[in-house]
Every structure is written in C-alpha cells, then in structure tokens.
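The structure under discussion appears below in the form of structure tokens.
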Amino acid sequence: MCAHQARIFVEEPGRPPRVVMLDAGQELRVGRGDEAEVRLNDLRVSRTHLTLLAEPGGVVVRDLGSSNGTFLGEQRLEGSRRVTTGALIRLGDTRLVVADVGGDASTPRPVLGGTASGEEVVAEDPVTVRMFTLVRRVAASRLPVLLLWAVAAGLAASATFRWE
C-alpha cells in the first residue's frame, strides 16, 4: 500500500483527460519536452514549464520561467506557491486540477470521464460524468436544459441552462 500526496487531473488539447499520481516528496516536471515526467500536447506550453512538488497538506507549483506563464485560477503565478485540493492550474490551453491532497492510493476511485470537465468544474464520479456528457450533447441545440438532482436525503436542487 503506497500513500500518495495528491492526484492531478490533466486536461489538455487533443487528448482525453487523465490522472497523474503525485507521491509524497515527489517532484514532477510538466511540459512539452522529453525531460518532463508529465508530457503535454500543448504548443503554448514550454518544454519544461513548471514543477509540482508534493508536501504535507499541499502541492507546491513552481513556474520555471515559462514563456506564456502559469496561472492559479485567473492569477499569474510568480515563482512558486503551495496549493491544496481543488486548485486550478492553467498553462497554455491545458488545465491541471489538484485533488485528494493527502489521500491513499489504495482507495478505489472513479475514473475521470472524457467529457467531464468544463470551465468551472471537473467531475469525477461516474454519474456526474454521464450527466455532463448528456448536457454537452443537448448544449449543441438551442433548447434550454433543466437539471434536477438530489443534494442530500430529502433535498433537491435544480438549475436551468441556456447556451447561446
């Protein structure tokens, strides 16, 4: 049983989403070049763009002087910063999402679906992945979409979406 520090969801142009495991104390280089442990298919990403270092309670993101920059949410990263579960890292047209900081790799986890992520959300569980797949199909039409879902026992939520 090997404890891991974090899972990193990787969503990049031209490839299905994938998950990278980051072990405690491990540092990974991210970029387009052969020397990167996490190789990306994104022309706006430098050969060695950034590093991810797993530390107790978080992941340190360090920009390596990339041409187009690294962003945490909408803020450009200068140097390095420690982030925790839920952090969105943008580099070029690629998005990395930090998940399960301090988790256990032996715990079975659902797999990220191919159409699971959008601008504001990354879905992990199979039911939500299927829901986003259906919503994206309907989004191609001009019809409004009404979503109903249970948030807790006895409680329900709904939202109406219209894509223009």
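Here segment 62-78 is the region considered, the condition is being small (Gly, Ala, Ser) and open to solvent by 40 Å² or more (accessible area, probe 1.4 Å), and the residue that is nearest to residue 5 (Cα to Cα) is 65.
The residue that is farthest from residue 101 (Cα to Cα), counting only those in segment 17-28 that are assigned to a strand (DSSP E or B) and within 16 Å of the chain's Cα centre (by Cα), is 18. Candidates 103, 92, 31: the one that is at pLDDT below 90 and either closer than 15 Å to residue 5 by Cβ or under 17 Å from the mean Cα position of the chain (by Cα) (or both) is 103.
If I filter segment 5-12 for residues that are open to solvent by 60 Å² or more (accessible area, probe 1.4 Å) and either among the charged types (D, E, K, R) or under 18 Å from the mean Cα position of the chain (by Cα) (or both), do I get at least one hit? Give the steps one after another, and end with the answer.
Step one: list which residues in segment 5-12 are open to solvent by 60 Å² or more (accessible area, probe 1.4 Å), which gives none.
Checked against the condition, which is being open to solvent by 60 Å² or more (accessible area, probe 1.4 Å) and either among the charged types (D, E, K, R) or under 18 Å from the mean Cα position of the chain (by Cα) (or both), segment 5-12 yields no hits at all.
Looking only at segment 49-61, residues that are surrounded by fewer than 17 Cβ atoms within 10 Å (Cβ to Cβ) and within 15 Å of residue 96 (Cβ to Cβ) come to 1 in all. Of the residues making up segment 14-38, not one is free of Cβ contacts under 8 Å to residues at least 12 places away in the same chain and within 12 Å of residue 64 (Cβ to Cβ). Just one of the listed residues (38, 45) is in contact with a Ser or Thr (Cβ under 7 Å, 6 or more places away or on another chain) and modelled with pLDDT of 95 or more, namely 45.
The values are calculated or read from the model by the stated rules, or taken from the named source; none is laboratory data. Remember, predicted model here, so these are calculated numbers, not experimental data. Reconstructed Cβ throughout: ideal geometry from the backbone, glycine too, with neighbour counts over all protein chains shown. Note: areas computed on protein heavy atoms with side chains; ligands, DNA, RNA excluded. Shrake-Rupley method; radii C 1.70, N 1.55, O 1.52, S 1.80 Å.
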